[in-house]
Structures are given as structure tokens and as C-alpha cells.
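Here's the structure, in C-alpha cells; my notes come after.
Read-outs throughout are calculated quantities, based only on the coordinates presented, and are distinct from any laboratory measurement. Remember, predicted model here, so these are calculated numbers, not experimental data. Don't worry about glycine lacking a Cβ; one is built from the backbone with ideal geometry, like all the others, and counts go over all protein chains shown.
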Amino acid sequence: MEDCLFCRIARKEIPAKIVYEDEEILAFKDINPVAPVHLLFIPKKHISTFFDLEPGDELVIGRLHRAVVQVAREMGLEEQGFRLVANCQEGGGQLIFHLHYHLIAGRPLQWPPG
Ligand code: 5GP
Ligand code: ZN
């Protein structure tokens, strides 16, 4: 999508601190971190929300989860763990309408989230 912020980051038109990249997935540091570790994982393909997932997208979503685990392991988070959050639609707190997961770690995390 032309104007989508995360598509533009995926196309390297807007800089981001990239921590992981493969053909289908990109992970980068959130510009406004809410914890010592706050990364965003996106499919490079534009998918606005979970409601826009199409047949075949399960592969990219599965790969995204594998990328999360790889990065978390490389960052030494296997023991302390992390939180993986995906906000869906405005009511779910979604501001950027390109599907993404927040990986948050490095401080005690409360439950339930706000
Ligand atoms: P959402 O509320 O849609 O789940 O989360 C969007 C996230 O994108 C927010 O945590 C926000 O800080 C982050 N964000 C917004 N604009 C940018 C940007 O230009 N670069 C990066 N790296 N993160 C951004
Ligand atoms: Zn997009």
C-alpha cells in the first residue's frame, strides 16, 4: 500500500532500527518504547487487520511467530519471557492499520493489560 507507514518502513523509504528481516517478515524497534525491549513484527505484505487475513496467509503468520521466537532467543529472553501483543481495530488499540505484533519485555508486566 502506497501510504501505509509500515509498508514504507518495509520498503526502506522510512528508516527504522531493524532487528530481523527475511523475505516475508520485518522486525524493528518501536519508536515509542513502553518497555526496555519493545519490537514490532510485521509481514511485509500489507494486511490491515486480522479481519483481512486471506487463505494462504497462515504461512506468513506462522513464519512471523517463528521470527519472534528466534529474535527472543537471540536476545536472551527465553528464561524471563516476553509478551506478544496484537491490537486489532481502534477499539483494540490499533493505531497503524498494517497488522503487527508488539514484543515487549525487560520489565515486570501486569495482567490484565489496560
Ligand atoms: P498499534 O497501536 O497500532 O498497535 O501500535 C503502533 C505502534 O507503532 C506504536 O507502538 C508506535 O509507537 C509505533 N510507531 C508509530 N510510528 C512509528 C514509526 O514511524 N516507526 C516506528 N519504529 N514505530 C512507530
Ligand atoms: Zn502496509
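Normalised by the number of residues in the stretch 5-105, what is the relative contact order in percent for Cα pairs under 8 Å and 6+ residues apart?
RCO, the stretch 5-105: 32 percent.
Grab the DSSP H runs of the chain that are 4 residues or longer, score each as -39,500 (n - 2.57), total them, divide by all residues and round the 222 nm result to the nearest 500 deg cm²/dmol.
-6500 deg cm²/dmol
Whole-Hz ³J(HN,Hα) for each residue in the stretch 90-103, computed from phi via Karplus 6.51 cos²θ - 1.76 cosθ + 1.60 with θ = phi - 60°, x for glycine and proline: what do you get?
My calculation for the stretch 90-103 gives 4, x, x, x, 7, 9, 9, 8, 9, 3, 8, 10, 8, 9 Hz in order.
So for the chain, considering every pair of alpha-carbon atoms, how many percent are separated by more than 22 Å?
Across the chain, Cα pairs with separations above 22 Å total 30 percent.
Between helix 57-74 and the chain, what is the angle of the helix's C-alpha long axis to the longest principal axis, kept within 0 to 90° and rounded to the nearest 10?
In the chain, helix 57-74 runs at an angle near 30 degrees to the longest axis.
At a Förster distance of 30 Å, what's the computed FRET efficiency of LYS12 paired with ARG63, Cβ-Cβ distance as r, to 0.05?
0.90
Please turn the phi angles of the stretch 30-36 into ³J(HN,Hα) values with the Karplus equation 6.51 cos²θ - 1.76 cosθ + 1.60 (θ = phi - 60°), one per residue in order, whole Hz, x for glycine and proline.
Result, rounded to whole Hz: 5, 5, 10, x, 9, 7, x.
Nothing charged except the Cβ atoms of Lys and Arg (+1) and of Asp and Glu (-1): what's the magnitude of the dipole of the chain about its Cα centre? Round to the nearest 20 debye.
Rounded to the nearest 20 debye, it is 380 debye.
Give a residue-ordered list of calculated ³J(HN,Hα) values for the stretch 75-83 (Karplus: 6.51 cos²θ - 1.76 cosθ + 1.60, θ = phi - 60°; whole Hz; x for Gly, Pro).
Values, residue by residue: 8, x, 9, 4, 7, 7, x, 7, 10 Hz.
Counting Lys +1, Arg +1, Asp -1, Glu -1, what net charge surrounds GLN70 among other residues with beta carbon under 15 Å of its beta carbon?
Local charge sum for GLN70: -3.
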